[in-house]
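What follows is a short report on a single structure.
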Amino acid sequence: MTGAEELRALTRKLLDAYPPATTDRTDFLRARFDAGLAWVHYPAGLGGLDAPRALQAVVDAELAAAGAPDNDPRKIGIGLGMAAPTVLAHGSDEVKRRFLRPLWVGEEVWCQLFSEPGAGSDLAALATRAVRGDAGDWIVDGQKVWTSSAHTARWAILIARTDPDAPKHRGITYFVCDMTDPGVEVRPLRQITGEAEFNEVFLTGVRIPDAHRLGDIGDGWRVAQTTLMNERVSIGGSRIPREGGMIGKVAATWRERPELRTHDLHRRLLDHWVDAEVARLAGERLRQQLVAGRPGPEGSAMKLAFARLNQAISGLEVELLGDEGLLYGEWEMRRPELVDFTGRDAGYRYLRSKGNSIEGGTSEVLLNIVAERVLGLPPEPRNDKDVAWKDLAR
Amino acid sequence: MTDVTESAEPTEPTLDLLYSETEEDLRAAVRALLADRAGHQAVLGLIETDSPYVPGLWKPLAADIGAAGLLVPEKLGGQGASHREAAVVLEELGRAVTPLPYLTSSVVATETLLAPAGESEAAAGLLAELAGGRTVAVLAVPLSTAPGAELPLTGPVAGVADAAIADVLLVPRADGLYAVPAAEATVEPQTPLDLTRPLARVTTGAGSGTRLAGPEATGPAVRRGLLAGAGLLASEQLGLAEWCLEETVRYTRERHQFNRPVGSFQALKHRMAQLWLDLVGARAAARAAADSLATGSADAPLIVAVAQAYCSKVAVRAAEECVQLHGGIGMTWEHSAHLALKRAKSDQIALGSTGRHQDAIAALVGLEPPV
Ligand SMILES: Cc1cc2nc3c(=O)[nH]c(=O)nc-3n(C[C@H](O)[C@H](O)[C@H](O)COP(=O)(O)OP(=O)(O)OC[C@H]3O[C@@H](n4cnc5c(N)ncnc54)[C@H](O)[C@@H]3O)c2cc1C
């Protein structure tokens, strides 16, 4: 176990050896990874020191005070939040060593090839096929959709059907897919914000070496649970100061623009302010509970609150702005490099936040999870669980 | 009416909250026209061009169907109908999220001219042009302006809806209401949240144009125009919300996940059923606003404020639910849910915010705020 003092000392040593002012950003981040200060709770040799997760804050504070560069999590959210914990939990040693360092440093962007036109909330119904080739590798054919960052990604986490005769949850296998494979075609899908943050991805004869399989053949649904649980925590689970996130934007407008204030909006602003502060405290409490670093279904609560608040607050902000709320920055179609829920103008935030209750599992599905897994309520009767996937209606 | 109701103590004025046969015929004609010429896909194709207005659509609606003249008496060149019929047209335009200057020209500007037309030949002439659908005029005030709000009397005015397609701008100034030909004004487009209702910054030279009304008559004329606009906007919001619910019901009946239609999940059923309940209220409120304007009821300012305070939020919620219950497809540009969402959100600000309408209600019914 590495304590706070030791981490502080290691961080200073890193800063001495690689002064941020004179060190190339990538070199610094690589050195930080190699020193075990990337994510201290990861194993030694893989960017961590097997230290308690909570101590990351000690390292981050030291580095921020020294003006050290960070790995710009907004560009590599899927890698950091979803691919990394899955690779760590289910990858071979070789896979972990190959992928985690460039992932964390940000040299390789990741995307998530899960959802399909016919398999969204019902992800386990997915139809993309992976068939064993002569060389022992896998050949993948199918279509994925809503793939954020596919246009910047070097690698993807991918789930595909390897056994159509098994019931749907049991015939899935989990892979790391090379986005530069000639069989991968990425087409932009434009969003209501005007931007194309997500994409359609067509997979035609894509070859994946068996070494890039995560977990056992047919065990992909279980592996995917690691990804999905982490996804829910990574959307809305980040630590923020008071008035961080969406509420900070509208609070700033309120303070700077007295001429916009009305009684009606004041009450509603305060309602949201209280809810946002309580959500922040609930997140803080959750983190304190997660000493072991295993996100449970409680993570869903944070994502639910995050989506609801982001939508309500940005909606209020558009109303508050009145004349300006009727305007929009620009509609030009772009393929952004990063995902920023609180960026740009109020209209953008309002529209983008609509996705928060859909991406990473819809709010309805998350409420089902809370009802069934947290409260233990009986599940809906199901007719799709024990039938061979190939016999399900599509 | 029976003797009983006639002899009863009159309290609130009796409102006709139903649709007449003529109104339903009008609706059918407008709906057929829009379905034929201005489906959502056509609108999606136009919103990013220089002009989102569907080419060639204004004349059949405004002149051939006669929708532009509904508020104008026959002797002034109109159809001699009323706000009730215009409201039905707006329900249809709301359903289809059609980019047309109907609310701005055929309701707000037209209503603004009704009183001045009795005094001024110029006003009467312009009114007849508007009623015939030959000319489009818009009131040069920000779209957010509530009935009774202070008006910008000098300088450029930003956020003027449909100025881009207007032939004439009605400009309230300190010394009266002026008609300024658009050709003599500067109209600079702004980037709107709702691409189906273009906004622009309008600058007119001081003293330019023709005076239609004197300083005393201007305030009341504009207030009347905005009141009619706010009241009938509720019908646009109603139509929009109805489309959102219908489309969501249709989609969730078809979309299968977990080997069943997602609409079979009670979590979703209840959400749609709740929306339907809200629509029952919205329809009553929108009809009440239209009828009270049509009869010139003294209660109209109150009922209009009620309709706005209620229908604004129903439309926004219906559009938000429409996006949510569609899942990922609802977040895409190619699906028309965002047309409704952006229109509903802008309509919430248009012609007075919810808070402003609530303040108006508070004052009218004597529910004063805390001191
Ligand atoms: C901005 C954005 C980014 C995304 N990025 C990615 C990505 O990078 N990679 C990726 O793989 N996917 C991504 N997604 C896809 C996302 O995970 C899916 O959209 C989501 O899981 C919903 O699936 P669907 O779109 O097919 O909707 P559907 O599953 O068809 O849902 C339609 C409606 O039915 C409801 N519903 C479905 N099942 C139930 C139920 N059992 N009970 C009650 N209600 C139910 C839903 O809540 C929704 O309201 C992204 C989505 C968005 C919006």
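The values are calculated or read from the model by the stated rules, or taken from the named source; none is laboratory data. Note that the structure is predicted; figures quoted are calculated from it, not measured. Counting neighbours? That spans all protein chains shown, and the Cβs are built from the backbone with ideal geometry, glycine included. Heavy atoms of the whole protein, side chains included, go into the accessibility calculation; ligands, DNA and RNA do not. Shrake-Rupley method; radii C 1.70, N 1.55, O 1.52, S 1.80 Å.
Side notes on the structure shown:
- Tail fraction, Cα-Cα pairs, region A:110-223, threshold 26 Å, whole percent: 13
- Nonlocal Lys pairs with alpha-carbon distance under 27 Å, chain B (8 or more apart, or different chains): 7
- Solvent exposure ordering (accessible area, 1.4 Å, most first) of A:GLU332, B:GLU119: B:GLU119, A:GLU332
- For region A:192-233, the residues whose backbone nitrogen is under 17 Å from a point 7 Å from the Cα of A:VAL374, taken along Cα to Cβ, are A:229-233.
- Here the simple spin-label model places points 7 Å from the Cα toward Cβ, and for B:ALA174 and B:GLN41 these points are separated by 5.6 nm.
- Max mean-square fluctuation residue, GNM over chain A, Cα-Cα springs under 10 Å, options A:THR227, A:THR152, A:THR86: A:THR152
- Cysteines having no other Cys beta carbon under 4.7 Å from their own, within the protein assembly as shown: A:CYS111, A:CYS177, B:CYS311
- Charge context of B:ILE349, other residues only, Cβ under 9 angstrom, K/R +1, D/E -1: -2
- If you take all other residues with their beta carbon under 10 Å from the beta carbon of B:LEU33, and give Lys and Arg +1 and Asp and Glu -1, the sum is -1.
- If R0 is taken as 25 Å, the Cβ-Cβ distance between A:ASP165 and A:THR204 corresponds to a FRET efficiency of 0.60.
- Between the residues B:SER353, B:SER336, B:LEU226, the greatest Cα displacement towards the positive end of the dipole of region B:218-365, with unit charges on the Cβ of Lys, Arg, Asp and Glu, is found for B:SER336.
- Anisotropy class of region A:354-394 from Cα gyration tensor, a/c 1.5 cut: oblate
- Charge dipole magnitude, Cβ of K and R +1, D and E -1 - chain B, Cα centre, debye nearest 20: 1120
- Using a Förster distance of 25 Å, the FRET efficiency for B:THR22-B:THR49 (Cβ separation, nearest 0.05): 0.10
- Alpha carbon Rg of region B:218-365, scaled by the compact-globule rule 2.2 N^0.38 Å: 1.17
- Residues of region B:68-90 falling in the label zone of B:ARG31, defined by backbone nitrogen less than 11 Å from a point 7 Å along Cα to beta-carbon, are absent.
- Once the C-beta distance of B:SER208 and A:GLU332 is scaled by a Förster radius of 30 Å, the resulting FRET efficiency is 0.30 to the nearest 0.05.
- Pairwise Cα inverse-distance average, inverted: Kirkwood Rh of chain B (Å): 21.0
- Stretch gain in nm, segment A:ASP181-A:ARG255, where the contour uses 0.36 nm per residue and the Cα spacing is subtracted: 21.5 nm
- Among A:ASP386, A:ASP340, A:ASP165, the order of accessible area from largest down is A:ASP386, A:ASP165, A:ASP340, computed with a 1.4 Å probe on protein heavy atoms.
- Total charge dipole magnitude, the protein assembly as shown, about the Cα centre, Cβ charges on Lys, Arg, Asp, Glu only, Debye to nearest 20: 2220
- Calculated P(r) tail over 49 Å for the protein assembly as shown, as whole % of Cα pairs: 27
- Gyration tensor (alpha-carbon) shape descriptor, region A:246-360, a/c threshold 1.5: oblate
- Cα gyration tensor, chain A - rounded (a/c under 1.5), prolate or oblate: oblate
- When B:ILE329, A:ILE159 are compared by accessible area of protein heavy atoms, the largest-first order is B:ILE329, A:ILE159, using a 1.4 Å probe.
- Build a GNM of chain A with springs between Cα atoms under 10 Å apart, and of A:LEU327, A:LEU46, A:LEU158 the one that fluctuates most is A:LEU327.
- Two-site label geometry, A:ARG132 and A:THR23: point separation in nm, points 7 Å out along Cα→Cβ: 4.7
- Surface accessible to a 1.4 Å probe, A:THR262 within the full protein complex, Å²: 50
- Local electrostatic count, A:ASN199, Cβ distance below 14 Å [Lys/Arg +1, Asp/Glu -1]: -3
- What the Kirkwood sum gives for region A:8-70 is a hydrodynamic radius of 11.3 Å, with every pair of different alpha carbons counted.
- Area of B:THR295 that stays accessible when all protein chains are in place (1.4 Å probe, Å², to 10): 90
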